Structures are given as structure tokens and as C-alpha cells.
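Student: Attaching a single structure in C-alpha cells format; questions to follow.
What follows is calculated from the coordinates using simple rules that are stated; it is not laboratory data. Fair warning: this is a prediction, and the values are worked out from it, not measured in the lab. Because the Cβ atoms are built from the backbone with ideal geometry, glycine has one as well, and the counts that use them run over all protein chains shown.
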Amino acid sequence: MGQRLPSRPLSLSGYCIGCFVAFMALVGCAQYNATPGVYGLALLANSGARCSAPTRASSLSATTTNTTVTAQFSTGACPATSSIVRRSTTGFPATVSSGTLVSSTLTGFSDSGLTAGTVYYYSIFLSDSSGVTSSAANLSAIPGKTVVAPAQVANGSIVIDGSDSDSAWSASPQFSFSYAEAYGESAGADNPSGYVRLAYDSQYFYFFIKSNDKYVHVDGSVCCGQGQWTDDGVEVFFDMGFERATSPDANDFHLIFTPGSPAFNWYGKGPGAWGAWTPTVNSGILINGTLNNETDTDTSWSMEVAIPLSDLGVSSISSGQSIGFTFWLNEDDTVGHAAQHWYPYTTGTSSSNPSTWGVAQF
Ligand SMILES: [Ca+2]
Ligand SMILES: [Ca+2]
Ligand SMILES: [Ca+2]
Ligand SMILES: [Ca+2]
């Protein structure tokens, strides 16, 4: 405690009272902790913060390939010197000795040799120099199918205008897709590419997509048993409970958006076949090109969407939460009803099978 004494003269009574209070605080917490010596060291090392263990890891984010999960996280006010990461495919490891150990640094890990489409559950424990560990921070990742929204943004900080230039979007990684993921694509076609990103505040879930597209086409021509998926657009799927059922359940939702004017949007929810659902969705569109004019070459369309959390059946999203999520890009270049290409988020995704979807990690 010596280094905390004031350098200037202090009255005897004031000094003794301060010392007594600090001593009693230490004794009280030491009794609370099983390892009082460790507690005392942590207290002194942390400029007055009362640390019985390292702060739990926060600001988790992850990127995936089809075989790897690479994650980052932050330490907090109570210091840590290393991390212990445990992995399982059946649920979050409960302790520092359960599951499989993953090599890690203080602020991240890269896990390789994984299987695409499998859910990997990670528990991240921060450890101090004495081996005292934090409570677990949890991260779910699906190789090739993980989209991250790292932190809640301030209400009103995302303006729904079709552009992700809002500063609030800057913390959300871009999940890129390419024509190589297309179903039915062939060499020499227009090969769209682009990215999506996710965000949330206390009221809304936000989705953004940009699709580079030579011909932006939405004519709303629905016939022949076809639907809104026959125009340019995107389909978004949520499994709010992350149950990954083999058919949609009651907390699963399906939204189709088209960048037309007017847009030809459609919404459905489980259980079973996608049934009637009328969420209060706000969407904004930007087209860099000319809509439904194939005599010129367009550049892109982008869409920004806000969906009330209440319409998704939840009151809030919390940091560390996982939600089943996937999207498909629909690509149409011509007048008529047939979409030319169809871009599953990753190979093997089925619209009616949430167990094949990816994960949105918050
Ligand atoms: Ca915006
Ligand atoms: Ca198009
Ligand atoms: Ca579900
Ligand atoms: Ca055009």
C-alpha cells in the first residue's frame, strides 16, 4: 500500500482514517476471494481498481474462411497477461479445462483445419500472471458463414438512405461474396460481387448489402409460379433462437428485398412453410446506374434496411449473442420473370433448412 500514500503532508488523523479504510477494503475483499495474495497483487497493479480477476474479454469479432476462424478481442480494466481459449462443437466449454485448447495470444486466436458449415463454440478466458482467470466470453463461428456485428451502435446513428457511409457502420466488418459462390453461374457472365454488413441498436437490426451489377433490373414481373426472387435483390434469413432446426420454427424469418422503384418486397415467418408476417421494415436504396435500362452498363445497387427487433420477436440483442443468419443474392439482368443467377451465401445453404445457415455474431 506504500505507493498510494500522499506525497504531501497530511494530518495524522486523516492519514490513519484513509489507511484504515483501505486496509478494511483489502481485508474484506481478501476474505471474499479464495486467493487473497493474488487479490492483493492485482489491486496494487491496477492503480486502485478493485480486481479479483481479469476483466472478461470484450469487443469480440471474427472472420472465417471455409477452414479457419480468426478472432480478436479486447482486455479490460483489470489486467490480463494471456488468454485461454477452449473450443467445442456441442456448446460453449464451461471451464478452462473443458473442450479443446486453441492456441491464442492475449487478444486473439486463429483456429485452422476446421470443417465448413460446422458450428464451433469458443469460450475465451483471460488470465493474469498468477493464473487467475476471468469469466468466459463466448463466440460462435461457422467457417465460411460468419458475419459479425461487433458492438451496439447509438440509436439514430444509422440513417436509412441506401449508403453505409454513416460512421456507425465503420465498426462492422464487410462480409464479401463473389460470383464463385453462385448457383448456375457460368464463365463470362457479368459476375456480380459485393458485401454485406450487420449492425444493431436497442431498437433495430440493420442489414446492408452492396451488389456490383452491370444491369440493375426489377420489373416486378411475377408469374408462372415464380416470385420476388426473380428480380435483382437479396433474401435475408434469421433464426433468432439459433436452434438450427432442419425446418423453420416459430422464431425463424425470411425477408426478400428488391432495389426497384417501387420495391417488390416480401416477408414470411415460420413455423413450417413461410407464413404471413407484416414487419415494419424501413429500407433505403441507392442505384449507381439506370434501373430497367439494359442499353447502358450499370455499376451497383445497394440497400440499407432497419428491422424492428420487436418484429423479430426479441426485445434486445446482447453482446456475445449468436443468431442464425444467411442471405442470398438474386441476380436478374433482363426483362421477364427469370432470375439468371442465384447466389447462396455459401454452398449447401437451403432456404427452408436453418441448420444449413450461417451465424450472425454480436
Ligand atoms: Ca445510411
Ligand atoms: Ca442485375
Ligand atoms: Ca429457430
Ligand atoms: Ca441500366
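Student: Using packing as a proxy for protection, rank 256-267, 286-297, 86-97, 202-213 so that the peptide with the highest average count of other Cβ atoms within 10 Å comes first.
Tutor: 202-213, 256-267, 86-97, 286-297
Student: Taking R0 as 41 Å, what's the FRET efficiency between Ser170 and Ser247 from their Cβ-Cβ distance, rounded to 0.05?
Tutor: Plugging the Cβ-Cβ distance into 1/(1 + (r/R0)^6) gives 0.65.
Student: Check the straight Cα-Cα distances from Lys145 and name the lysines below 23 Å, setting aside those fewer than 8 residues away within the same chain.
Tutor: Excluding near neighbours in sequence, the set is Lys210, Lys269.
Student: Is the range 58-141 rounded, prolate or oblate when judged by the Cα gyration tensor, a ≥ b ≥ c being the square roots of its eigenvalues, rounded requiring a/c under 1.5 and prolate requiring a/b larger than b/c?
Tutor: Taking the square roots of the gyration eigenvalues as a ≥ b ≥ c, the range 58-141 is prolate.
Student: Count charges around Asn138 for me, please; just the other residues with Cβ under 15 Å from its Cβ, Lys/Arg as +1, Asp/Glu as -1.
Tutor: +2
Student: What net charge do the residues around Pro150 carry, taking every other residue with its C-beta under 14 Å from that of Pro150, with Lys and Arg at +1 and Asp and Glu at -1?
Tutor: Taking every other residue near Pro150 into account, the sum is 0.
Student: List the chymotrypsin sites (Phe, Trp or Tyr not before Pro) within the range 51-140 that fall in a DSSP loop (any state other than H, G, I, E or B) and whose Cβ has at most 10 other Cβ atoms within 10 Å.
Tutor: Sites meeting the loop and neighbour criteria: none at all.
Student: Here's a follow-up. Within the set of other residues whose C-beta is less than 14 Å from the C-beta of Arg197, count the net charge using Lys and Arg as +1 and Asp and Glu as -1.
Tutor: -2
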